[in-house]
Amino acid sequence: MLPKELLERLVVPPGKSRVRLDDYDTGWAQTRELEELGKQAAKERAQDMLRQNIADLSDAQELLYASSQQSVLIVLQAMDAAGKDGTIKHVMSGVNPQGVQVYSFKVPSVEERHHDFLWRYAKVLPERGRIGIFNRSYYEDVLVVRVHPGLLDEDTKAKSFWDDRFEDIRAFERHLVRNGTLILKFFLHVSKKEQKARFLERLENPKKNWKFSAADIAERSYWNKYMEAYEEALAATSTKWAPWYVVPADHKWASHAVVADVITSGIRGLDLKFPELSPEQRKALENARNQLRAE
Ligand code: ATP
Ligand code: MG
């Protein structure tokens, strides 16, 4: 388990009127304890923790599935190359694929644009017992479209346009939580410098060339606008019922360890129980057993 003090620092406090991303480390030095360990030792510690959390997450997911009372929605947001895909791959590596659904949201289709902005996400929410991962999410509708308002059919000039969307998102999440969904939201916080290094790696390593898209460079030039949009979105939508975690993402081992830890403790905190059999069900089992034995 990660030190509680560290996790608390990664949560965006609900009700905060202003969030500054610069206050959140993209590296891994948020606690003195880890800083003192040194990078190599911190990395090894994080990897041990990840292994343990992957095993624990597998058990937690089985219980979630068996009890079928609650669902888990994991929202992953980040700038390009911050490691969303790798986080999903590593953190979910131990869980039963039947219990997890991953949705990667791209530019909306015409049909999707002709509905309200939450429509396409609401259609694929996880049912009880499942973990749903949104690789990008309805937050794109207050991020990329805020940076590029031309993407929207609506007129975004009205003063309250974005505040209205934030309010809709808070209400949507509140509704989901009241109906048995645990929502965990992660912003993988990568530095501009590390993004450059990862883009260069994609360009220079033939095995990674396929990951590169020229559009990524164009988006990078809007970096500051994205940071502002993220800051506003995080401040407006980190709530008691659906908090945001700002995850240091310059080291992949750090982001994987943090995300796995938060998900595992989140599911554990639900205090789920394996279903108990009623006296009738018990009797039915006994009858079945007797019948098989008598064959
Ligand atoms: P990767 O690049 O690692 O494969 P990705 O999530 O960046 O993963 P892409 O296909 O590169 O996937 O990009 C998807 C694009 O779709 C992003 O630029 C994102 O901003 C855009 N997008 C997602 N949702 C919306 C939306 N609601 N409105 C407009 N654009 C969106
Ligand atoms: Mg991309």
- Message: Considering only protein heavy atoms and a probe of 1.4 Å, how much of the accessible area of segment 140-198 is carbon and sulfur, as a whole percent?
- Response: 49
- Nearest-ten-degree value, helix 279-293 long axis tilted from longest Cα axis of the chain: 70
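Only sites in a loop by DSSP and with at most 15 other Cβ atoms within 10 Å count here; which GluC sites (Glu not before Pro) in segment 108-153 make the cut? Each step should come with its number before you reach the end.
Working: sites: GLU111, GLU112, GLU127, GLU140; in loops: GLU127.
Those satisfying the criteria are GLU127.
Add +1 for every Lys or Arg and -1 for every Asp or Glu among the other residues with Cβ under 13 Å from the Cβ of GLN47, and state the total. Intermediate values should be presented prior to the final figure.
Values: positive: LYS39, LYS43, ARG45, ARG51, LYS252; negative: GLU44, ASP48, ASP261.
My count for the surroundings of GLN47 gives +2.
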- Task: Give the angle, between 0 and 90 degrees and rounded to the nearest 10, that separates the Cα long axis of helix 161-178 from the longest principal axis of the Cα atoms of the chain.
- Result: 10
- Task: Figure the gain on full extension for PHE161 and LYS192 (residue separation times 0.36 nm, minus the Cα-Cα span) and round it to one decimal in nm.
- Result: 8.3 nm
- Note on the structure: Distance in nm between SER93 and ASN179 label points, each 7 Å along Cα→Cβ, equals 3.6
- Near GLU111, within a Cβ-to-Cβ distance under 15 Å, what is the net charge of the other residues, with Lys and Arg +1 and Asp and Glu -1? +1
- Could you pull out every one of the aspartates and glutamates with an alpha carbon less than 12 Å from that of LYS16, ignoring same-chain neighbours closer than 8 positions? GLU231, GLU232
- Query: Which cross-chain or sequence-distant (5 or more) residues have an amide H under 5 Å from the amide H of THR181, H modelled 1.01 Å from N in plane?
  - Reply: SER71
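Quick check: from the Cα gyration tensor, does segment 25-120 come out rounded (a/c under 1.5), prolate or oblate? Intermediate results must be reported in sequence, preceding the final value.
Working: a/c = 2.86, a/b = 1.44, b/c = 1.99.
Oblate shape, in that a/c is at least 1.5 and b/c is the bigger or equal ratio.
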- First measure r as the distance between the Cβ atoms of LEU6 and ALA294, then evaluate 1/(1 + (r/R0)^6) with R0 = 51 Å and state the FRET efficiency to the nearest 0.05. 0.30
- Helix 192-204: inclination vs the chain longest Cα principal axis, degrees, rounded to 10, gives 80
- Expressed in nanometres to one decimal, the distance between label points 7 Å along Cα→Cβ at LYS123 and SER221 is 3.4
- Under the classification rounded if a/c is under 1.5, otherwise prolate if a/b is larger than b/c and oblate if not, where does segment 217-262 fall, given a ≥ b ≥ c as square roots of the Cα gyration tensor eigenvalues? oblate
- Query: Expressed as a fraction of 2.2 N^0.38 Å, the rule-of-thumb size for a compact globular protein of N residues, what is the C-alpha radius of gyration of the chain?
  - Reply: 1.12
- Charge sum, other residues only, whose C-beta stays under 13 Å from LEU285's C-beta, Lys/Arg counted +1 and Asp/Glu -1: +1
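Past 32 Å, Cα to Cα, is the threshold; run LYS43/LYS211; LYS43/LYS185; LYS89/LYS157; LYS185/LYS273; LYS43/LYS273 against it and keep the listed order. Write down the numbers at each step before the final one.
Details: LYS43/LYS211 26 Å; LYS43/LYS185 23 Å; LYS89/LYS157 39 Å; LYS185/LYS273 25 Å; LYS43/LYS273 34 Å.
Violating the 32 Å Cα-Cα cut-off are LYS89/LYS157; LYS43/LYS273.
With the cut-off at 1.5 for a/c, could you classify segment 138-268 from its C-alpha gyration tensor as rounded, prolate or oblate?
Details: a/c = 2.41, a/b = 1.20, b/c = 2.01.
Oblate is the answer for segment 138-268, as a/c is 1.5 or above yet b/c matches or exceeds a/b.
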- Query: So which trypsin sites (Lys or Arg not before Pro) in segment 102-139 end up in coil per DSSP with only 12 or fewer other C-beta atoms within 10 Å?
  - Reply: LYS106, LYS123
- Task: Could you tell me the convex hull volume per residue, in Å³, taken over the Cα atoms of segment 51-175?
- Result: 118
- Rounded to the nearest 500 deg cm²/dmol, what is the calculated helix-only ellipticity per residue at 222 nm for the chain, with -39500 (n - 2.57) per DSSP H run of length n ≥ 4? -15000 deg cm²/dmol
- Message: Probe of 1.4 angstrom, ligands and nucleic acids ignored: what's the accessible area per residue over the chain, in square angstrom?
- Response: 54
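The values are calculated or read from the model by the stated rules, or taken from the named source; none is laboratory data. Small disclaimer: the values here were computed from a predicted structure and weren't measured. Virtual Cβ from ideal backbone geometry, glycine too; neighbours counted across all protein chains shown. Areas reflect the complete protein model, heavy atoms only, side chains present, ligands, DNA and RNA absent. Shrake-Rupley method; radii C 1.70, N 1.55, O 1.52, S 1.80 Å.
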